[in-house]
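The next block holds one structure in the form of structure tokens; read it before the comments.
Every read-out reported here was derived from the displayed coordinates using simple, explicitly stated rules and does not represent laboratory data. Since we're looking at a predicted model, the values are computed, not measured. Cβ: placed from backbone, ideal geometry, glycine included. Neighbour counts: every protein chain shown.
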Amino acid sequence: MRRLLLILLIILIQLTQASASNILNYSDIILHPFFSEAPETGKTDWEALRHKGDPLAVTTALFNRLRQARTSPIAKEDASAALEMFLNRWPNTTREGRTFRWNYNQPYNQIAPGWWSGMDIFLSVVVLIAADEVYE
């Protein structure tokens with residue numbers, strides 16, 4: 001699993017560096033697997049998502065807000081609040097040396113809380129690259 005994540009990260013970095021545009025400027029056809037169809041106005045209840053403990057739900061919603069933040073000050077402020085929560089107040093993280101993982105707070109089948117998934121780790125990297133582009 002770690003090898004797969006490393007390969008995906010390398011591919012993502014190479015695509016981002018090789019492209020004349022940033023990741024948020026890719027077409028919706030390419031980005032569709034990474035974002036949800038959330039409303040473009042209002043605030044997201046990030047605390048409810050934090051208590052739910054599902055990193056994939058947070059990163060999907062956050063990526064969508066970062067896409068909207070390019071043209072919406074409300075979305076930019078909302079995404080900033082989410083980044084602060086996700087980076088500083090996520091209830092179950094693993095930090096070991098240079099490793100940083102957001103873990104799930106609920107069990108999955110026979111797996112106890114504290115498990116992690118490559119899908120949300122990959123999307124977390126996409127979100128951090130997108131955040132760097134929005135808040136540069």
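In what sequence, highest mean first, do 92-104, 57-69, 110-122 appear when ranked by Cβ atoms within 10 angstrom?
57-69, 110-122, 92-104
Which order do the peptides 80-86, 47-53 take when ranked by the mean count of other beta-carbon atoms within 10 Å per residue, highest first? Write down the numbers at each step before the final one.
On the way: 80-86: 17.4, 47-53: 14.4.
Averaged packing, sorted descending, gives the order 80-86, 47-53.
Taking the Cβ-Cβ separation of Arg89 and Ile30 as r and a Förster radius of 25 Å, what is the calculated FRET efficiency to the nearest 0.05?
The formula returns an efficiency of 0.20 here.
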